[in-house]
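A short write-up of the structure that comes next.
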Amino acid sequence: MIAKKILLSFPQKSAGQPMAMELIKTYHLDFNILKAFIDDNIKGTLLIEIKGEEADIEAGIVYLREHQIGVRDIQSVVEVDENKCVSCGACTAVCAVGALEMTVDWSLVHHDDKCLECMLCVKACPMRAIHALI
Amino acid sequence: MAKTYQEINEKIARGEAVVVTAEEVIGIVKERGVQEAAEYVDVVTTATFGPMCSSGAFLNFGHSDPPIRMGEITINGVEAYGGLAAVDTYLGATQPSADRGIEYGGAHVISDLIAGKEVHLVAKSQGTDCYPRKELDTWVKLEDLNEAYLFNPRNVYQNYNAAINGSSKRIYTYMGILQPNMGNITYSTAGELSPLLNDPLLKTIGMGTRIFFGGAQGHVSWMGTQFNSACPRDDKGYPQTPGATLALIGNMKEMDPKYIRGAVYEGYGTSMFVGVGIPIPILNEEIMSFVAVENKDLYTNVIDYSVPKKAKPNLKKVSYAELRSGSVDINGKSIKTSPLSSLKMAREIAEELNNWIKKGEFFLQEPIQSFPMGNTIKGLEIKEGESR
C-alpha cells in the first residue's frame, strides 16, 4: 500500500464523469480530496491523495488519462521558478514548517514534501517566482 | 608600507594585482596578520544585492515629428515625471502602474528596458507653438533612447534594522511579511561582504568612486539621501544603526537584467533589487583592518515594526552572525530569522567585479571629494495653519 499526491485537471468535457466512483470501485483506491477548484468555464483542478497498491494506482492513472483528465505527480502545490528566484530568503520568513529554507551556501531550497500549502510564500516572494498550481 | 591608487592601477594594468573578496580576506588576515596582508592584497571586493526603493531612471526619448513637450507620461502604464524638458523624464522604481498596481511598477519597466523589451510610451501635452503635438502613443526599446541612466538617490545602506512584529496581527512591510506575536525576524544585509560596512568611515568610498552597478561600470555620484554618518558607532568605527548611504549613477545600456530586478512587497509596494559591487583599495594597514571585519563583530537592532510611530521600540542589539545563525533569542524565546537580501547574488557580484579587475577591465577611481562625517538626519515637523 502506498500513498501519492496527484494534481488532476479536468477539461470542460470531462466534467460530470463518475471519476471518483471508478477509482474506488474498479481500482480499489482510497482517496482524500485536499483541495478543489472549479472556474467559470467548468474547468477544474483537484488535488488528491490516493492510497492503494502501486499497480492499482498506476492503472487508475491510466484510466484518468484515457478520459482526458490531466494527471500530475506532485509533492506540493507551490512551485519555485528557478529563473526568477534570486535566493533572497523573503519566503523563508513565512514558511513555518521549513519547506522553504536557505542552504549553507545561501541558496533557496524547496523541500516540497514538507509543504502544508498555506500559500503565504506566494505573497511573500518579491520576485513573484513562487506559483500556486491551484 | 602604504600604496597609492596609481600604484594599484598600474598593477591592475600589468595583471599583477591581488584581488580578493571581503569574505576571502578574513582568512588571509587571520593567517598572515594585518601588516603582511595589507602588503599582499591590493583590492578587496564588496557587494550587495537587495531591495533599494530609492532608485530610478532618467530617460530621454528623442523628438518625434511634429515634436511634443511631454506633460503626462506613462510607460507600460507606469507614470513617469513630466516636469523636466520636452522629452526627458524620471521614472521612479516604486511608482505603481495604473492597471496592475504594485505588481508591475517603475522597477519592472526599468528591468524590462534593460532586458531589451519594447515598452509602451504614451504622452500628452497641451501643445505649444514650438511643440505642437498634443498626444503620442508609441513603442520604444532601450536602444532607441538617446540616454538612459539609473540615478538612485539612496542605495547600499550602511547597516539596517532587523524587523519583528510585537502585535497580535500579521503585518506587511518593506521588511517582508512579519508574523504576529514576534513570530519571525527579518534582516537585510550582505554583512561582512557589504560595501559600506567594510569602509565604515568612508576612507576610500566617495564622490566619483567607480563601482559595479547593475552589471555596468557606474559611479558614486553623491552622498545618498538620509546620510547619517553621525550614527552611533563602536570603538572601531562600525555603525550600530543605519548610517551612510550612497547616490549611484550608471548607464542602463550597459546593464544586465540579472542584476536589476523589479520586486513586489505584498501590502507595501514595488521596489527594485539592485546589484552593487564596490572595490576597496588596500592603501594601508588601517583599511585592511577595516575590511577584515566579521559578521560576529557587526551589530544591528531588532526593531518592532508593529508600532505605527517614527520612533519604534528597539528590542535587542544583535550581531549579524546571530541573525545568520537562523534564530535569535528574545526574552527567552527562540525566534526564527530570515534574510531579505540575497547573499548568493552578492557573492556572485563580488566575484564578477573581482574578475573584471583581474582581467584589467576595471580600474580604481580615487574619490574627487570625500563625504562628510558627522552628518545627521532631520525629521519632518508637521506645522498647523493654512498660510504662514
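Largest first, the three principal axis extents of the alpha carbons in region B:62-145 are 39, 24, 19 Å in whole numbers. Loop only by DSSP, 14 or fewer other Cβ within 10 Å of the Cβ. Give me the trypsin sites (Lys or Arg not before Pro) in region B:198-307 that pass, ordered by residue number. Within region B:198-307, the qualifying trypsin sites (Lys or Arg not before Pro) (loop, at most 14 other Cβ atoms within 10 Å) are B:K236.
Convex hull volume of the C-alpha atoms in chain B, normalised per residue: 171 Å³.
Under 23 Å of direct C-alpha separation, and excluding same-chain neighbours fewer than eight residues apart, B:K296 reaches these lysines: B:K30, B:K203, B:K236, B:K316, B:K317, B:K333, B:K336, B:K344.
Backbone amide hydrogens, once placed in the peptide plane, bring B:S338 within less than 5 Å of B:I185, B:T186, B:Y187, excluding anything fewer than 5 places away on its chain.
Placing +1 on the Cβ of every Lys and Arg and -1 on the Cβ of every Asp and Glu, with no other charges, gives chain B a dipole of roughly 1180 debye about its Cα centre. Taking 16 Å as the straight-line reach from the Cα of B:K309, the aspartates and glutamates in range (excluding those fewer than 8 positions away in the same chain) are B:E381. Here the Kirkwood formula, the inverse mean of 1/r across different C-alpha pairs, assigns the protein assembly as shown a hydrodynamic radius of 25.7 Å. Here the Kirkwood formula, the inverse mean of 1/r across different C-alpha pairs, assigns region A:1-117 a hydrodynamic radius of 16.0 Å. Reported to the nearest whole Å, the Cα centre-to-centre distance from region B:153-180 to region A:63-116 is 24. Shown here are the Rg and Dmax of the Cα trace of region A:17-61, at 11.6, 36 Å.
Taking chain B as a Gaussian network of alpha-carbon nodes connected by springs under 10 Å, the highest mean-square fluctuation of the residues B:N228, B:N331, B:N198 belongs to B:N331.
The HN-Hα couplings worked out from phi for region B:144-158 by the Karplus form 6.51 cos²θ - 1.76 cosθ + 1.60 (θ = phi - 60°) are 7, 7, 5, 10, 8, 9, 6, 10, 9, x, 8, 10, 6, 3, 7 Hz, whole numbers, x standing for Gly and Pro. Amide hydrogen proximity for B:I280: with H placed 1.01 Å from N in the peptide plane, the residues at 5 or more positions away or on another chain lying under 5 Å are B:V44, B:T45, B:T46. Quick one: compute the contact order of chain B, relative version, from alpha carbon pairs under 8 angstrom and 6+ residues apart, as a percent. It comes to 24 percent, rounded to a whole number. Taking chymotrypsin sites (Phe, Trp or Tyr not before Pro) across region B:163-239, none is in a DSSP loop with at most 14 further Cβ atoms lying within 10 angstrom of its Cβ. Among the trypsin sites (Lys or Arg not before Pro) found in region B:109-175, those both in a DSSP coil and sparsely packed, with 15 or fewer other Cβ atoms within 10 Å of their Cβ, are B:K117, B:K134, B:K141, B:K169. I'd like the orientation of helix A:54-66 relative to chain A: the angle between its Cα long axis and the longest Cα principal axis, in ° from 0 to 90, rounded to 10. It is inclined by approximately 80 degrees. Counting Cβ atoms of other protein chains within 10 Å of each Cβ in A:124-130 and taking the mean gives 6. Listed values for region A:41-48 are Karplus-derived 3J(HN,Hα) couplings in whole Hz (6.51 cos²θ - 1.76 cosθ + 1.60, θ = phi - 60°), namely 8, 6, 7, x, 10, 9, 9, 10, and x replaces Gly and Pro. In order along region B:34-40, phi translates into HN-Hα couplings of 4, 4, 5, 4, 5, 6, 6 Hz, rounded to whole numbers, per the Karplus curve 6.51 cos²θ - 1.76 cosθ + 1.60 with θ = phi - 60° and x for Gly and Pro. Cross-link reach is defined here as a Cα-Cα straight distance under 29 Å, omitting same-chain residues fewer than 8 places apart; for A:K5 the lysines meeting it are A:K13, A:K25, A:K35, A:K43, A:K51, A:K84, A:K114, A:K123. Take the alpha-carbon centre of region B:66-117, take the same for region B:224-288, and report the distance between them in whole Å. Cα centres, region B:66-117 to region B:224-288: 24 Å.
For B:M182, the residues 5 or more places off, or on other chains, whose built amide H falls under 5 Å of its own are B:N165, B:G166, B:S167.
Quick note: the coordinates plus some simple rules give every number you see, no bench work behind them. Small disclaimer: the values here were computed from a predicted structure and weren't measured. For neighbour counting, all protein chains shown are included, and Cβ atoms are generated from backbone atoms with ideal geometry for every residue, glycine included.
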